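One structure is given here, and the rest of the page talks about it.
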Amino acid sequence: MELFNSPSIFIYMIFTAALLGALWYLGAARGEKIKRALFSAENYAKLVPQELKFRRKLKDILFLSGLFFFFLALAGPQWGRQKIDVEASYSQAVIAVDVSLSMLAEDVKPNRMDGAKTMLSMLIDNLARERVGIVAFTSKAFMQSPVTSDVGALKTLAQGLSVNMLPMPGTELAPAVNLAAKMLAPYPGSKALVLVTDGEDHNPQDLQAALKTARDNDIKIIAVGIGSVDGELIPIKENGVKSYKKDKNGKTVLTKLDEKSLINLASSTGGAYIKFIGPQQTAEEVYRQMLMLDKSSSLVNGSILYKNRYQIPLFIGFVLVLSSILIALRKVK
């Protein structure tokens, strides 16, 4: 902690003190010269009583001391800490990202996962004044970040998403919707779930119940469909050798973007479907959709500030200067 908020003020105080000292010296020298020209030392001592000399010295000391305390107040003495809470308005959203094996498909270059992460980084940059959470899902969903306005943490966690980071294989949308609803339930107004996936759902039976939960919590699903409707093989590297995923019958798996399911999913909650056509364009379109969400106001932790104590030296300076004026006005008997 610095004792003064603006210690540079003391530089001006030094110049002011030097100027006042020079003026006082020149005035005293001129007064001494006039005194010697008009009076002898003995006569001047009779005309100017010792008490008046003392009062004049005291007046000067009080006035200069007052100026010192004024500069002290200008320097902003500070000690003791205070927390400043500020009111802020946020909209709330959760971004749920499919991290199943199908996200390795290369119909988006270099692959679906990397394309999604680049898009998320651009989107999060636009959400600096919003609250956002991150969920990763396969057949189960796990919270990677609670709902927060910490852009740096969100970007780091988004870049840390990777295929097979979760031990459960497969893809199910219901767990992601349910977890997002739980995270967003405490917030009022309309919220958003940004669902980044190819739309494949290996267990769609539970999805309708999850969508009802989303609607009950006023959550609009913005479904971002990533991949191609024609389908793409899923590359797998084992021991440096590239192959393609096969099903239990030995047939090569083809992963397709299920646009129809994602359109129905979004429309059932009053949301929107956005096809991934590139990181920047997709991020901008998602952000435009999120601008329509309600904002809620709340007090958030602001800065921890040191308390400014300028009032104390300012009051002392005022008393000293006023005292010097009153002493100068009093008559000597």
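Suppose the filter is touching a strand residue (DSSP E or B) at 6+ places or on another chain (Cβ under 6 Å) and open to solvent by 60 Å² or more (accessible area, probe 1.4 Å); does Pro146 pass it? In short, yes.
Filter the stretch 168-219 down to the residues that are surrounded by fewer than 19 Cβ atoms within 10 Å (Cβ to Cβ) and either among the basic types (Lys, Arg) or touching a Cys at 6+ places or on another chain (Cβ under 9 Å) (or both) and list them by number. Residues satisfying the conditions are Lys182, Lys212, Arg215.
The set of residues from the stretch 146-169 being over 20 Å from the mean Cα position of the chain (by Cα) and in contact (Cβ under 8 Å) with a residue 12 or more places away in the chain comprises Gly160, Leu161, Ser162, Val163, Asn164, Met165, Leu166, Met168, Pro169.
Of all residues in the stretch 97-135 being in a loop (DSSP other than H, G, I, E, B) and open to solvent by less than 40 Å² (accessible area, probe 1.4 Å), which is nearest to Pro186 (Cα to Cα)? So that I can check it myself, show each step before the final result.
To start, the set of residues in the stretch 97-135 that are in a loop (DSSP other than H, G, I, E, B) comprises 99-100, 105-111, 127-130.
If we keep only those that are open to solvent by less than 40 Å² (accessible area, probe 1.4 Å) too, we end up with 99-100, 105, 108, 111, 127, 130.
Values: Val99: 27, Ser100: 29, Ala105: 37, Val108: 36, Asn111: 36, Leu127: 20, Glu130: 15 Å.
Only one residue fits best here, namely Glu130.
For the stretch 220-261, the candidate set comprises residues that are among the acidic types (Asp, Glu) and part of a strand (DSSP E or B); within that set, the residue that is surrounded by the most Cβ atoms within 10 Å (Cβ to Cβ) is Glu232. Considering the stretch 123-168, the residues that are out of contact with any helix residue (DSSP H, G or I) (no Cβ under 8 Å at 6 or more places or on another chain) and basic (Lys, Arg) include one that is modelled with the lowest pLDDT, namely Arg129. Yes or no: the stretch 2-12 includes at least one residue that is within 53 Å of the chain's Cα centre (by Cα), hydroxyl-bearing (Ser, Thr, Tyr) and either closer than 30 Å to Gln280 by Cα or at pLDDT 80 or above (or both). No, because not a single residue in the stretch 2-12 is within 53 Å of the chain's Cα centre (by Cα), hydroxyl-bearing (Ser, Thr, Tyr) and either closer than 30 Å to Gln280 by Cα or at pLDDT 80 or above (or both).
The residues listed here are Val163, Val151, Val108; of these, the one that is farther than 20 Å from Leu211 by Cα, in contact with a Gly (Cβ under 9 Å, 6 or more places away or on another chain) and not basic (Lys, Arg) is Val108.
Here is the figure for the stretch 295-312: residues that are at pLDDT 85 or above and surrounded by 12 or more Cβ atoms within 10 Å (Cβ to Cβ) total 1. Could you tell me whether any residue of the stretch 285-294 is under 17 Å from Asp98 (Cβ atoms), open to solvent by less than 20 Å² (accessible area, probe 1.4 Å) and touching a Leu at 6+ places or on another chain (Cβ under 8 Å)? Yes: the stretch 285-294 contains one or more residues that are under 17 Å from Asp98 (Cβ atoms), open to solvent by less than 20 Å² (accessible area, probe 1.4 Å) and touching a Leu at 6+ places or on another chain (Cβ under 8 Å).
The values are calculated or read from the model by the stated rules, or taken from the named source; none is laboratory data. Quick caveat, the model's predicted, so the values are computed rather than measured. Don't worry about glycine lacking a Cβ; one is built from the backbone with ideal geometry, like all the others, and counts go over all protein chains shown. All accessible areas refer to the heavy atoms of the entire protein, side chains included, with ligands and DNA or RNA removed. Shrake-Rupley method; radii C 1.70, N 1.55, O 1.52, S 1.80 Å.
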